[in-house]
Amino acid sequence: MSPSRQGRGLRRLIVTLVVLVVVAVAADRIAAVVAQNQLASMAQKEAAKYQVRSADTSVKISGFGFFPQLFKENFSKVTLRMGKPAFAKVPGESLTVDMANVHVPKSLLFKQSGTVTVGKTDMEVRLSPREVGRLAVKATGIQGLSMEVVGGKLHVKYAANGLNLDVPVVPQLQNGKIAFDLGDQAGSMPAALKSQLAGGVDLPQLPYNAQLTSVAIQDNAVVLSATVQNLSFSH
């Protein structure tokens, strides 16, 4: 065989291999999208049992290659996101669920029956300070109360009965509620209001029996962190 023919044969082989790789990658991505949509639908249906609804629910499967993970029926990381979720009609900004060691039966790719089980689940819920303030008004019955993030800190504002107060507070978890520590500023707050804020504000139920672990202020949001034990979705 002449060198020119050998060169053409090598080029054809390289082109063929490139095409096969492109086709394999495309098939991998298409299958991943189908699985992600299926998981998003299942997660949304399960969340509705807890009166949590969102018009924007998405799932992303991470890790190296979809098909290799599907063959093992185990995905190293799956992330669920809900934009503007409503918790029993209480609007939130976002909900993110990070799931690790997710067992997904192959049958679910074809929309057949099966159960997804999750080894480790962490949840983050972002609420606006305004909504937390509304929950505080509902819990205490005290009008003229509102909340806002100022300079990275949560502030309680109270304008009623001739008072106009703006007090920084530290949110803390207390028996499943958000309690507000007024610190050295407590002296300027009416005793009844101070007592009720320190007693805590009930939060809306989170989906999947999530258990709260911490509360913090990030950017302009009140961020709730939670974990979920033995999370599963069935279809």
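All of the numbers you see were taken from the coordinates with simple rules; none came from a lab. Quantities reported herein were computed from a predicted structural model and do not represent experimental measurements. Note that we place each Cβ from the backbone using ideal geometry, even for glycine, and neighbour counts take in every protein chain shown.
The length gained on full extension between Y50 and K157, counted as 0.36 nm times the residue separation minus their Cα-Cα distance, comes to 35.4 nm.
Peptide packing for 163-176, 118-131, 71-84 was compared via the average number of neighbouring C-beta atoms within 10 Å per residue; ordered from the highest value, the list is 118-131, 71-84, 163-176. Take the Cα of E148, step 7 Å toward its Cβ, do the same at V34, and the gap between the two points is 5.3 nm.
Relative contact order of region 129-225: 24 percent, from C-alpha pairs under 8 Å at least 6 residues apart in sequence.
So if I take the centroid of the Cα atoms in region 182-235 and the same for region 31-77, what is the distance between those two points in Å? Answer, in whole Å: 27.
Each residue of region 120-130 was assigned a 3J(HN,Hα) from its phi angle through the Karplus curve 6.51 cos²θ - 1.76 cosθ + 1.60 (θ = phi - 60°); the sequence is 9, 9, 10, 10, 10, 10, 10, 10, 6, x, 4 Hz, with glycine and proline shown as x. If the chain linking S41 and D122 were pulled fully straight, counting 0.36 nm for each residue of separation and taking away their Cα-Cα distance, it would gain 27.2 nm. Taking only the Cα atoms of region 153-223, the ratio Rg/Rh comes out at 1.01, with Rh defined as the Kirkwood radius.
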